[in-house]
1. Mind checking which aspartates and glutamates have their Cα closer than 16 Å to the Cα of LYS38? Skip sequence neighbours fewer than 8 apart in that chain.
2. Compute the length gained on full extension between ASP53 and LYS181: take 0.36 nm times their separation in residues and subtract their Cα-Cα distance, giving the result in nm to one decimal.
3. Provide the gained length on full extension for the span ASP236 to THR149, in nm with one decimal, where the gain is 0.36 nm per separating residue minus the Cα-Cα distance.
4. Only sites in a loop by DSSP and with at most 14 other Cβ atoms within 10 Å count here; which trypsin sites (Lys or Arg not before Pro) in segment 139-243 make the cut?
5. Could you give the nm distance between label points at ILE115 and LYS79, where each point is 7 Å from its Cα heading toward the beta carbon?
6. Return, ordered by residue number, the residues of segment 53-89 whose backbone nitrogen is under 16 Å from a label point located 7 Å along Cα→Cβ of THR5.
7. Which aspartates and glutamates does LYS239 reach when only Cα atoms under 16 Å apart count, and residues fewer than 8 places away in its own chain are ignored?
8. Give the long-range amide H neighbours of TRP209: residues separated by 5 or more places, or on another chain, with amide H under 5 Å away, using H modelled in the peptide plane at 1.01 Å from N.
Amino acid sequence: MREITIQVPLGFSNVLNNQIRQAASAAIQSTLIASKAKWEQIAQQKLTTTRIDYLLGLNADDSLEFPDMFTGIIRLRGKWPNMLEEGFPAFDMKKGFQRSDRAKRKKNGGWYLTIPLRHRTPGTTGSAVGGAAMPMDIYARARALRANTERLTGTEQKYPPGVSWTGYQHKSGIYEGMVRKERFYDKVAQSHYMTFRRVSDKSDPMSWWHPGFEGVHAVNQVAKFAEDTLERVFRDYIKRFMG
């Protein structure tokens, strides 16, 4: 858990008259709300597919707290949001896949898991699906697929299997085998596009590695913003309450 605390200095609050005490309390609340918005803005700028996970940690039930009238606290909750904040090194995703409840177990002690990969369509925005949008020629062919049954083939001449950052040579092109999934929302059909890849105990040791993440590192930036904001807002509230 990461948190930012702002407060009027201890001892100082004891000598404040009632109007200034009210101004100080209002300044604390305004500063904390503004600082939380600043924190969310930084996350929006630095994250894409994991943005929602991070923001959920910043919007937990007790993420904003006022223990007393002169103290305010913002908290980032959850292991994963805090990993995104601090950053983490590269790691082998196969170890996590092996522990998945969806992994199929073999009689010989082995295992395998099918990984669904969703592809963005051209022109789409948002954080639900990451990565580059599929090319227009692929999209045109994918849209013509029979929903949930037909697979896209013959893509590898133009889009051959790539090589990962670890040096692993992929066995299939990124768009090969794509299917069009169709679902109905309020009686309106919506399509999304998927490929599926298999990972198992037989997978190449250099496959399925996450490259790591440098981290958002918003805490220090937001803490400085909170200090500067409190000083300015406190003065404004004093003028308002004393005027």
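1. Correct list for LYS38: GLU3, GLU85, GLU227, ASP228.
2. 43.6 nm
3. Gain on stretching ASP236 to THR149: 24.9 nm.
4. Passing both the DSSP loop test and the Cβ count: ARG146, LYS158, LYS171, LYS187, LYS202.
5. 2.0 nm
6. Backbone N within reach: 63-76.
7. GLU231
8. MET93
Every number here is computed from the coordinates shown, using simple stated rules; none is lab data. None of these values were measured; they are calculated from a predicted model. Cβ: placed from backbone, ideal geometry, glycine included. Neighbour counts: every protein chain shown.
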